[in-house]
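One structure, pasted below without further comment.
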Amino acid sequence: MYHMSVKGRSFLLGAVVIWLCSITIPAYAQQPPLSGAGMTKAGRFTQGYDWHEGERRKTVWLNPDLVAEFHTGAVQTGPVTALYPGAVVLEQHGSNIRIWRLPVGIDTLSVLDMLNSRADQGVKYSPVFHDAPGPASRMRALPGNIIVYFNPGWDRNNINQWVAAQNLGIVHQLANDPAAYVLKTGPGLEALDLANTLHETGEVNAAIPDWWHETVTR
């Protein structure tokens, strides 16, 4: 502790310092809130997910603030606004895809199961991902299903047996590749996880999530 004398008077500087430090600074001035749990102050996403396009491993980055809604009809309202009145439609892509921005602080991944369980038939929800760790990059989402490329030497009976052994179902065969089939899965990370699992078995030539992605450059 230090003293200072001015014209014979002594001041206790330590007491002054303690008094100044006791002034409460508002929390918002000390640490501005982040835009999401998976985003840095610089606006870069921190949570990445790998997937495989054939032998090439790729990474997408979770946007912690957004949810993609896919629907087959003209949906005007739904579980998003029922659960989170502060949610707003950030973008509309065509007539069947909406990108919602959830209120700050909502854990996107934790609410998707609830959203999908409350959705009407034909409505599905997915996390929103980006091709690079920042919001300016192209968006992707997972409406459900994966594309599997089988050994060209397999006939339809071989494929049907393999699909049944995996407890999966065939949606349709791709018209431009007789060895490629779309298999049914739920939306979101279920599709991504299953595609990775099938890739790792080595039993198929490729297993790729049936991505929706933006068709315009940001």
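The values are calculated or read from the model by the stated rules, or taken from the named source; none is laboratory data. Because the structure is a prediction, the values reported are computed rather than measured. Note that each Cβ is placed from the backbone with ideal geometry, even for glycine, and that neighbours are counted across all protein chains shown.
Taking the stated definitions as given, is ALA165 closer than 22 Å to GLY48 by Cβ, surrounded by fewer than 20 Cβ atoms within 10 Å (Cβ to Cβ) and more than 21 Å from the chain's Cα centre (by Cα)?
So ALA165 does not fit the description; no.
Of the conditions (1) over 30 Å from ASP177 (Cα atoms); (2) hydroxyl-bearing (Ser, Thr, Tyr); (3) touching a Phe, Trp or Tyr at 6+ places or on another chain (Cβ under 9 Å), TYR149 clears all except one; give me its number.
Going through (1) over 30 Å from ASP177 (Cα atoms); (2) hydroxyl-bearing (Ser, Thr, Tyr); (3) touching a Phe, Trp or Tyr at 6+ places or on another chain (Cβ under 9 Å) one by one, TYR149 breaks only (1).
Residues checked against (1) in the same structural domain as ALA207 (by TED's automatic domain parsing); (2) under 27 Å from GLY38 (Cα atoms); (3) loosely packed, with under 15 Cβ neighbours inside 10 Å; (4) touching a residue at least 24 places away in the same chain (Cβ under 8 Å):
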{"residue": "MET114", "(1), (2), (3), (4)": "no, yes, yes, yes"}
{"residue": "LYS124", "(1), (2), (3), (4)": "no, yes, no, yes"}
{"residue": "GLY134", "(1), (2), (3), (4)": "no, yes, no, yes"}
{"residue": "PHE150", "(1), (2), (3), (4)": "yes, no, no, yes"}
{"residue": "ILE159", "(1), (2), (3), (4)": "yes, no, no, no"}
{"residue": "LEU174", "(1), (2), (3), (4)": "yes, no, yes, yes"}
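Further, regarding this structure: For GLN30, state whether it is at pLDDT below 75 and of a type outside the set (Lys, Arg).
yes
Could you grab me the full set of residues in segment 33-79 that are surrounded by 14 or more Cβ atoms within 10 Å (Cβ to Cβ), under 27 Å from ARG118 (Cα atoms), of a type in the set (A, V, I, L, M) and at pLDDT below 75?
Within segment 33-79, ALA37, VAL75 meet the criteria.
Out of everything in segment 128-187 that is more than 30 Å from GLU91 (Cα to Cα), polar (S, T, N, Q) and part of a loop (DSSP other than H, G, I, E, B), what residue ends up being modelled with the lowest pLDDT?
ASN176
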